[in-house]
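Undergrad: Pasting a structure below so you can have a look.
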Amino acid sequence: MYCLTLVVQGNSILPRNSKPKSNNSSHRREAISLLQKCKNISHVQSTHAKIIRNGQEQDPFIVFELLRLCSKLNSIDYASKVFHRIRTPNVFLYTALVDGFVLSGSHFDGIRLYYRMIADSIVPDNYAITSVLKACGFQLALKPGREVHGQVIKLGLCSNRSVKMKLMELYGKCGELEDARRMFDEMPEHDVVASTVMIASYLHHRFVGEARSVFDRVQTKDTVCWTAMIDGLVKNGEMNWALEVFREMQVENVKPNEATIVCVLSACSHLGALELGRWVHSYMGKYEIKLNHIVGGALIHMYARCGDIDKAEKVFDEMMERDISTYNVIISALGMHGKSIEAIEMFRAMIKQGLRPNSITFVGVLNACSHRGLVELGFEMFHSMVRDYNIEPQVEHYGCMVDLLGRVGRLEEAFSFIKRMKTAPDHIMLGALLSACKIHGNLELGEQIARSLLDCGKADSGTYVLLSNVYASSGRWKEAAKVRAEMKEGGIQKEPGCSLIEVNNEIHEFLLGDIRHPHKEEIYKKLKELEKRLKLKEGYSPKTEVALHDVEDRQKEWALSIHSERLAICYGLISTKPYTTLRVVKNLRVCNDCHSMIKLIAKISKRKIVVRDRNRFHHFENGVCSCGDYW
DNA sequence: CACCCAGAAT
């Protein structure tokens, strides 16, 4: 790295203050206005030729215009060529090209060029500084950023607002929050924009409390500021809080825009808050929100993740502009709901429209195949991906294939598939195969996979639970207990089962055997009543899976056998009108016993019940589930 | 005679 040498006197500072040569100023103005009329790069090139013929090639004003224009038209290569023909480029020209590099995504080239300028003893001004800081920010290049900061101090540019802003942004992005905060506090204005940058930086590094306190101190919060807070809360998993802030924003009469809506829809998607999502959708007209492809995608995603796949398809049909990501959203949505054939048809429609699938598209397609056990089609798609679209399979794609083979019971094939892969298997893939071993009762393979996961330290709570269940389902109780002990020794916490249900615009959360809800008495009464009726009339007999807990008393055991989705459904039954569809979101996979029980509950209560589990959707109606008991 | 789209988005 070069060091900045400040040359204030002498002739090394180039002609920014020198007077232009006589009588060329009208020619210059002419050339510039010619340039400004150019619409495409070939037009620019012919104008450039004219400029060269007129002997104006070295004129810094004209070249400046030329460089900016090339950058704007996405022709950084041409800009670079133009620049390198200049004998003595000044700070303006350097800055224009640095900006061009930043615009084209070649941030590192931008930083390098800036250092070349310094080496040429050209003194940067605040524009050059902000440009290079922008490049550093994109690259998360903290080291050169700090050097530039040092130069800022030497040059006395500290008081410049844009410079401070960019420094703060850089530090914030790089996680140097104390430095970012220092810059922020040095800005006496503490205006909305600076505060927004600070808030976003805090939230990006999970300092929710700090973000909140900056946010609270902003006097007049605008749309972007509110949106940054909502978005950050969503990214930190604070969905309910995010929605609360959104409501506050409306109380304060700040109009949401497209970005706000996208963030709010994302929160709804996570929570399964369909009613709120619908409300947001219906108010989009009033707020003049345009249905661009980002908003459209978020809407489709929301409806699909909240269980209303019909509405998701309808929004898709209504959209005017669809791009690859729109198709990716709808394909994975259809797959998630077990509509595998429709997903494949959508994929074909996309191709027909002339869009080129990317690697995300194929994750959706292969996942769709897996949810219906479409092995042949899955392989066809997998090979087509490599052969026709030249997409190198990633670990996700292999994972889908392993899942597909595993679920249908072709366990050995799945295992040899893993061994043939170019990449190392990840714990998600092995977990999928392990779960398949449990479903199909393959003890040896299951044991082998689980052990390899445990040995390489990749095991999470799910691995232990699955392995223990593999043993238990073949009657090997001793081994099951041993795994349970190992889990306890390793201090591994089981991820608690949790279900959400939306009733009257409010999200109600239930944990395994939960007793916190204000209506707990009625909920448990309903549950007991249902169990009794199902046993008597529908021949239901509970097959509770082995509980992985040290249970001292029977009361606790009973509570722990009550999976959270049952509580959520019972609450839904007692708090909504007859025939209302119930929609439940669960964080883990639904177990066999709950699955068969919910089928019967749907039958006797004459309700549709939609359950989203960790992997997919189940639509229960009249005693059957849309997954066809294959999941 | 030139210059930093202030910040947020599946």
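Undergrad: Please specify each residue of the stretch A:123-134 satisfying the condition of being within 11 Å of A:Val91 (Cα to Cα) and open to solvent by 10 Å² or more (accessible area, probe 1.4 Å).
TA: Taking the stretch A:123-134 as the starting set, the residues that turn out to be within 11 Å of A:Val91 (Cα to Cα) are A:123-129.
Within the stretch A:123-134, A:Val123, A:Asp125, A:Asn126, A:Tyr127 qualify.
Undergrad: Please identify the pairs in which a residue from the stretch A:180-197 that is not assigned by TED's automatic domain parsing to the domain that holds A:Gly137 has its Cβ atom under 6 Å from the Cβ atom of a residue that is open to solvent by 80 Å² or more (accessible area, probe 1.4 Å) and within 11 Å of DNA strand B (Cβ to nearest atom), counting only partners at least 6 apart or on another chain.
TA: Cβ pairs passing all conditions: A:Thr196/A:Val224.
Undergrad: Tally up the residues in the stretch A:377-397 that are of a type outside the set (A, V, I, L, M, F, W, C), in a helix (DSSP H, G or I) and farther than 11 Å from A:Val363 by Cβ, please. Quick ask: steps written out before the conclusion?
TA: Of all residues in the stretch A:377-397, those of a type outside the set (A, V, I, L, M, F, W, C) come to A:378, A:380, A:383-384, A:387-390, A:392-394, A:396-397.
Right, trim to in a helix (DSSP H, G or I) and you get A:378, A:380, A:383-384, A:387-389, A:396-397.
From the residues that got through so far, the ones that are farther than 11 Å from A:Val363 by Cβ too are A:378, A:380, A:383-384, A:387-389.
So the count comes out to 7.
Undergrad: Check the stretch A:352-369 and report whether any residue there is open to solvent by 40 Å² or more (accessible area, probe 1.4 Å), modelled with pLDDT of 90 or more and under 28 Å from A:Lys438 (Cβ atoms).
TA: The answer is yes; a qualifying residue exists.
Undergrad: Residues being buried (at least 19 other Cβ atoms within 10 Å of the Cβ), within 10 Å of DNA strand B (Cβ to nearest atom) and of a type in the set (A, V, I, L, M, F, W, C): count how many of those fall in the stretch A:317-331.
TA: Residues flagged as buried (at least 19 other Cβ atoms within 10 Å of the Cβ), within 10 Å of DNA strand B (Cβ to nearest atom) and of a type in the set (A, V, I, L, M, F, W, C) within the stretch A:317-331 amount to 1.
Undergrad: So the check is Cβ under 8 Å with 6+ separation or different chains; which pairs have a first residue in the stretch A:563-574 that's surrounded by fewer than 24 Cβ atoms within 10 Å (Cβ to Cβ) and a second one that's of a type in the set (Lys, Arg) and in a helix (DSSP H, G or I)?
TA: If the second residue must be of a type in the set (Lys, Arg) and in a helix (DSSP H, G or I), the pairs left are A:Leu573/A:Lys526; A:Ile574/A:Lys526.
Undergrad: Report, by residue number, each residue of the stretch A:591-608 that is of a type in the set (A, V, I, L, M, F, W, C) and open to solvent by less than 10 Å² (accessible area, probe 1.4 Å). So that I can check it myself, show each step before the final result.
TA: Taking the stretch A:591-608 first, the residues of a type in the set (A, V, I, L, M, F, W, C) are A:591, A:594, A:597-598, A:600-602, A:604.
Within the stretch A:591-608, A:Cys594, A:Met597, A:Ile598, A:Ile601, A:Ala602 qualify.
Undergrad: Here's something else I'd like to know. Assess whether A:Ser162 counts as being open to solvent by 10 Å² or more (accessible area, probe 1.4 Å) and assigned to a helix (DSSP H, G or I).
TA: Values: open to solvent by 10 Å² or more (accessible area, probe 1.4 Å): yes; assigned to a helix (DSSP H, G or I): yes.
Yes, satisfied.
Undergrad: For residues in the stretch A:430-463 being among the hydroxyl-bearing types (Ser, Thr, Tyr) and at pLDDT below 85, which is most open to solvent (accessible area, probe 1.4 Å)? Walk me through how you get there before you give the answer.
TA: Initially, the stretch A:430-463 is screened for residues among the hydroxyl-bearing types (Ser, Thr, Tyr), giving A:435, A:452, A:461, A:463.
Filter again for at pLDDT below 85, leaving A:452, A:461, A:463.
Working: A:Ser452: 53, A:Ser461: 20, A:Thr463: 11 Å².
The qualifying residue most open to solvent (accessible area, probe 1.4 Å) is A:Ser452.
Undergrad: I'm trying to understand the selection: among the residues of the stretch A:115-134, which are away from DNA strand B (no atom under 11 Å from the Cβ) and either assigned to a loop (DSSP other than H, G, I, E, B) or within 32 Å of the chain's Cα centre (by Cα) (or both)?
TA: Pass one, the stretch A:115-134, residues away from DNA strand B (no atom under 11 Å from the Cβ): A:115-123, A:132.
Across the stretch A:115-134, the qualifying residues are A:Asp120, A:Ser121, A:Ile122, A:Val123, A:Val132.
Undergrad: Of all residues being in contact (Cβ under 8 Å) with a residue 12 or more places away in the chain and part of a loop (DSSP other than H, G, I, E, B) in the stretch A:269-297, which is surrounded by the most Cβ atoms within 10 Å (Cβ to Cβ)? Just the residue, please.
TA: Taking the candidates together, the pick is A:Ala273.
Undergrad: Okay, moving on. With respect to A:Met239, is the statement that it is more than 9 Å from DNA strand B (Cβ to nearest atom), closer than 25 Å to A:Ile289 by Cβ and buried (at least 19 other Cβ atoms within 10 Å of the Cβ) true? Show your work before the answer.
TA: Values: more than 9 Å from DNA strand B (Cβ to nearest atom): yes; closer than 25 Å to A:Ile289 by Cβ: yes; buried (at least 19 other Cβ atoms within 10 Å of the Cβ): yes.
So A:Met239 passes the test.
Undergrad: Next question. Of all residues in the stretch A:70-114, count the ones that are outside any helix (DSSP H, G or I), within 20 Å of A:Leu34 (Cβ to Cβ) and more than 14 Å from DNA strand B (Cβ to nearest atom). Spell out the reasoning first.
TA: First pass over the stretch A:70-114, keeping only residues outside any helix (DSSP H, G or I): A:73-75, A:85-90, A:105-106.
Applying the additional criterion that residues be within 20 Å of A:Leu34 (Cβ to Cβ) yields A:73, A:75, A:85-86.
Those still in the list that are more than 14 Å from DNA strand B (Cβ to nearest atom) too: A:73, A:75, A:85.
Adding up the residues that qualify gives 3.
Undergrad: Would you mention how many residues in the stretch A:60-88 are out of contact with any Cys (no Cβ under 6 Å at 6 or more places or on another chain) and open to solvent by 10 Å² or more (accessible area, probe 1.4 Å)? Before the answer, list the steps.
TA: Start the filter on the stretch A:60-88 by keeping residues that are out of contact with any Cys (no Cβ under 6 Å at 6 or more places or on another chain), which leaves A:60-77, A:80-88.
Still in the running and open to solvent by 10 Å² or more (accessible area, probe 1.4 Å): A:60-61, A:64-65, A:68-69, A:71-77, A:80-81, A:84-88.
The total comes to 20.
Undergrad: Give the stretch A:190-218 a look and list any residue that's assigned to a loop (DSSP other than H, G, I, E, B), within 13 Å of DNA strand B (Cβ to nearest atom) and touching a helix residue (DSSP H, G or I) at 6+ places or on another chain (Cβ under 8 Å), or say none.
TA: If we filter the stretch A:190-218 for residues that are assigned to a loop (DSSP other than H, G, I, E, B), which is where we start, we get A:190-191, A:205-207, A:218.
Okay, now just the ones that are also within 13 Å of DNA strand B (Cβ to nearest atom), so A:190-191, A:218.
Across the stretch A:190-218, the qualifying residues are A:His190, A:Val218.
Undergrad: Could you grab me the full set of residues in the stretch A:172-189 that are surrounded by fewer than 16 Cβ atoms within 10 Å (Cβ to Cβ), part of a helix (DSSP H, G or I) and not acidic (Asp, Glu)?
TA: The one that is surrounded by fewer than 16 Cβ atoms within 10 Å (Cβ to Cβ), part of a helix (DSSP H, G or I) and not acidic (Asp, Glu): A:Arg182.
Undergrad: Which ranges mark the helices (runs of 4 or more DSSP H) fully within the stretch A:298-353 that have 3 or more residues being of a type in the set (D, E, K, R)?
TA: Qualifying helices (runs of 4 or more DSSP H): A:309-318, A:340-352.
Undergrad: Which pairs have Cβ atoms under 7 Å, sit 6 or more apart or on different chains, and link a residue in the stretch A:53-78 that is free of Cβ contacts under 8 Å to residues at least 40 places away in the same chain to one that is in a loop (DSSP other than H, G, I, E, B) and more than 10 Å from DNA strand B (Cβ to nearest atom)?
TA: Within 7 Å, the pairs are A:Glu57/A:Arg85; A:Gln58/A:Ile86; A:Gln58/A:Arg87; A:Ile62/A:Gln56; A:Val63/A:Ile86; A:Leu69/A:Cys38; A:Leu73/A:Asn40; A:Ile76/A:Ser106.
Undergrad: Tell me which residues, restricted to the stretch A:161-179, are away from DNA strand B (no atom under 12 Å from the Cβ) and within 17 Å of A:Pro144 (Cβ to Cβ). I'd like the intermediate steps shown before the answer.
TA: Start the filter on the stretch A:161-179 by keeping residues that are away from DNA strand B (no atom under 12 Å from the Cβ), which leaves A:171, A:174-179.
Correct list: A:Tyr171, A:Cys174, A:Gly175, A:Glu176, A:Asp179.
Undergrad: Next question, about the same structure. Which one of A:Gly145, A:Gly137 is open to solvent by less than 50 Å² (accessible area, probe 1.4 Å) and more than 13 Å from DNA strand B (Cβ to nearest atom)? Explain how you work it out, then say what you get.
TA: Details: A:Gly137 fails: more than 13 Å from DNA strand B (Cβ to nearest atom).
Testing whether each residue is open to solvent by less than 50 Å² (accessible area, probe 1.4 Å) and more than 13 Å from DNA strand B (Cβ to nearest atom) leaves just A:Gly145.
The values are calculated or read from the model by the stated rules, or taken from the named source; none is laboratory data. All values derive from a computational prediction rather than experimental measurement. FYI the Cβ positions are ideal-geometry reconstructions off the backbone, even for glycines, and counts take in every protein chain you see. All accessible areas refer to the heavy atoms of the entire protein, side chains included, with ligands and DNA or RNA removed. Shrake-Rupley method; radii C 1.70, N 1.55, O 1.52, S 1.80 Å.
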